[in-house]
Amino acid sequence: MNHFLDIHKTDAAALRGMIDQAGAMKQARLGRPKAAPDDDQPLKDHMVALIFEKPSTRTRVSFDVGVRQMGGQTMVLSGKDMQLGHGETIADTARVLSRYVDMIMIRTFDETILTEMAEYSDVPVINGLTDRTHPCQIMADVLTYEEHRGPIKGKKVVWTGDGNNVCASFLHAAGQFGFDLTFTGPAQLDPEEEFMGLARQKGSKITIERDPFKAVEGADLVVADTWVSMHDSQSAKERRHNMLRPYQVNADLMSHAKPDALFMHCLPAHREEEATSEVMDGPNSVIFDEAENRLHAQKAVMRWCLGV
Ligand code: CP
Ligand code: NVA
């Protein structure tokens, strides 16, 4: 049994295996209706709990569909409707759920909720986003990059804006998949030192460049995310927008990257804020492939967790 808590906590060879399997499973489904079962049914007779303490479109639907395609069943639970939201401890919740289901995916706030769930659960736990990281998203993003441009190893990724949870998982992936990452954003929103250090220890070049135009020079991939994440206080919205506006990904900024540089955004996006529609809907954008690949990448993650 394996938990999938974070990219830097997962063996690099296992991560590579998941990306390759995800690609193969995607190919095997080409042209088939969404509800058609996969040929093998690795999750047959398995029940998966999907717990959401924050809103979600992609994570909710892609996990649910993925489990069903693999022959399993799901239970989508809202944290606030569970006793979890009324004071039952995480540990007790984990021990109880382990008696009913074969795997737990949780989207939550503080990372300690995820780690405590994993500590007390007898079944695999998957991180569906915390305030600090979003590993499933970056598995999909690595798959997406490689589908379009081949191996990501040695490439230059530029993260624009807020050094948030999605940025953190990109840094983890830099170390594990061997690419370089430049962060461009205001100093107040720099990514965590610890995560930059981890990637550097693995040999990745991790750079901070305040000038977004200099940052994207030579970029193979430019990434944006919302300026205000679900865990950020709404009262900080105006201040964050003012700080982040110079880092908007628009056609002018993209023209300073490599001509074939891809554009990614995990979505949901705020069009004309962190990125313009011209870029989001432009020829270098792969945002909807990323969304689709959540499905395929997570199917491989779930198989690895269950060893099936
Ligand atoms: N990218 C992502 O995780 O989207 P949702 O919040 O819709 O799940
Ligand atoms: N950084 C965003 C990602 C949403 C998928 C958030 O946490 O709200």
Leu221 passes all but one of (1) out of contact with any Gly (no Cβ under 8 Å at 6 or more places or on another chain); (2) within 16 Å of ligand 1 (Cβ to nearest atom); which number fails? (2)
Verdict on Val158 being modelled with pLDDT of 95 or more, out of contact with any Pro (no Cβ under 9 Å at 6 or more places or on another chain), under 23 Å from Phe288 (Cα atoms) and among the aliphatic types (A, V, I, L, M): no
Among the listed residues Lys44, Lys54, which satisfies the condition of being among the charged types (D, E, K, R) and either touching a strand residue (DSSP E or B) at 6+ places or on another chain (Cβ under 9 Å) or within 16 Å of ligand 1 (Cβ to nearest atom) (or both)? Lys54
Any residue that is closer than 22 Å to Arg107 by Cβ, free of Cβ contacts under 8 Å to residues at least 40 places away in the same chain, of a type in the set (Gly, Ala, Ser) and away from ligand 1 (no atom under 14 Å from the Cβ) - is there at least one of those in segment 260-279? no
With the requirement that a residue be of a type in the set (A, V, I, L, M, F, W, C) and more than 13 Å from Val142 (Cα to Cα), what does segment 153-165 give you? Val158, Trp159
Residue check, Leu97 against (1) within 20 Å of Thr57 (Cβ to Cβ); (2) out of contact with any helix residue (DSSP H, G or I) (no Cβ under 7 Å at 6 or more places or on another chain), all met but one. Which one? (1)
Counted residues, segment 250-279 - those being away from ligand 2 (no atom under 15 Å from the Cβ) and surrounded by 20 or more Cβ atoms within 10 Å (Cβ to Cβ): 7
Go through segment 193-206 and give me each residue that's surrounded by 14 or more Cβ atoms within 10 Å (Cβ to Cβ) and under 20 Å from the mean Cα position of the chain (by Cα). Phe195, Met196, Leu198, Ala199, Ser204, Ile206
Identify all residues within segment 80-106 that are closer than 24 Å to Met302 by Cα and among the acidic types (Asp, Glu); write none if there are none. Asp92, Asp102
Restricting segment 142-169 to residues that are within 14 Å of the chain's Cα centre (by Cα) and aliphatic (A, V, I, L, M), the one farthest from Gln298 (Cα to Cα) turns out to be Ala168
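The values are calculated or read from the model by the stated rules, or taken from the named source; none is laboratory data. The structure presented is a predicted model; accordingly, all values stated were derived computationally and were not measured. Neighbour counts run over all protein chains shown; Cβ positions are idealised from the backbone, glycine included.
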